[in-house]
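The structure under discussion appears below in the form of structure tokens.
The values are calculated or read from the model by the stated rules, or taken from the named source; none is laboratory data. As the structure is a prediction and not an experimental result, all values here were calculated from the model. Here the Cβ positions follow ideal geometry from the backbone for every residue, glycine too, while neighbour counts run over all protein chains shown.
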């Protein structure tokens, strides 16, 4: 079963299926290892936190070895806006899965 990934404004931008994050069309964008989120080139993007991919200071946030991109999966649908959004103070990092600047240093 897919778990939607949301922007801070509550709109879905992707979904997690198994240990991968996909855009809403089903295209794989990255991999989740624990709470760390990586692009398939191995660069660290951010953390999976409260159903969002965010830039959050954590220890041991470094690049890993590149990995093979899995095949696309069927989309679970467009989803809908969540209610009761809470600002936890972490910047959204979902777009870095698509076009990020390589490894991001943890603060």
Could you tell me which residue of region 43-59 is nearest to residue 2 (Cα to Cα), considering only residues that are assigned to a loop (DSSP other than H, G, I, E, B) and either touching a strand residue (DSSP E or B) at 6+ places or on another chain (Cβ under 8 Å) or free of Cβ contacts under 8 Å to residues at least 40 places away in the same chain (or both)?
51
Any hit, region 14-37, residues being in contact with a helix residue (DSSP H, G or I) (Cβ under 6 Å, 6 or more places away or on another chain), modelled with pLDDT of 95 or more, buried (at least 18 other Cβ atoms within 10 Å of the Cβ) and assigned to a strand (DSSP E or B):
yes
With 71, 66 as the choices, which residue is closer than 18 Å to residue 99 by Cβ, surrounded by fewer than 15 Cβ atoms within 10 Å (Cβ to Cβ) and more than 15 Å from the chain's Cα centre (by Cα)?
66
